[in-house]
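Asker: Here you go, one structure.
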Amino acid sequence: MDDISARPDNYTIEEDICERHFLDNMSQNSQSRYTVKLSIKGQMLNNIGDSRESALKRLRGIERRFKHDPTLKIQYAAFLDEYLSLGHMRRMEPLLRKKQYHFIFSTIASSK
C-alpha cells in the first residue's frame, strides 16, 4: 500500500497549491462519493468572457441533430434525468443580472 500522507519534496509551487486545495476541499458525501471543489485560478475566470452565445450555438446544433435522430433525443433526455437524480447537476435559477455566469454546454458523442 502507498502512504498517501508522504509528500514529495520536489513539488513546484503550483503543484503544492493544487495539493493543498485538494486536501482542503475533498469530502465524502452522504452517498459515500468523494467530492472535490473545482480549483479555478481567479484571473482565468475573468478571461473566459461571454460564453452564452457559444453555449446557445451548441444547443441549437444538438437540437437540429435531435430532429434527425429522435432516439438520440430520448437517450440524451434519459441521461440528463439520471444526472439530475444522482445530484451531479442541478437546475439553475433564472439568471440574475447582477451575477456573472459562465455557460457550459456539453454534447454526448454518438457511438455511430
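The values are calculated or read from the model by the stated rules, or taken from the named source; none is laboratory data. As the structure is a prediction and not an experimental result, all values here were calculated from the model. Positions of Cβ are generated from backbone atoms using ideal geometry, with glycine treated the same way; all protein chains shown enter the neighbour counts.
Asker: Where the second residue is assigned to a helix (DSSP H, G or I) and at pLDDT below 75 and the first is within 29 Å of F22 (Cα to Cα) and lies in the stretch 36-65, which pairs have Cβ atoms under 6 Å and are six or more apart or on separate chains?
Answerer: Listed by first residue and then by second, the contacts come to nothing, as the list is empty.
Matching residues to (1) at pLDDT 85 or above; (2) among the aliphatic types (A, V, I, L, M):
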position: D16; (1), (2): yes, no
position: L23; (1), (2): yes, yes
position: S32; (1), (2): yes, no
position: N46; (1), (2): no, no
position: D50; (1), (2): no, no
position: E53; (1), (2): no, no
position: L56; (1), (2): yes, yes
position: L59; (1), (2): yes, yes
position: I62; (1), (2): yes, yes
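Asker: Could you tell me which residue of the stretch 75-95 is surrounded by the most Cβ atoms within 10 Å (Cβ to Cβ), considering only residues that are among the charged types (D, E, K, R) and over 19 Å from S32 (Cβ atoms)?
Answerer: D81
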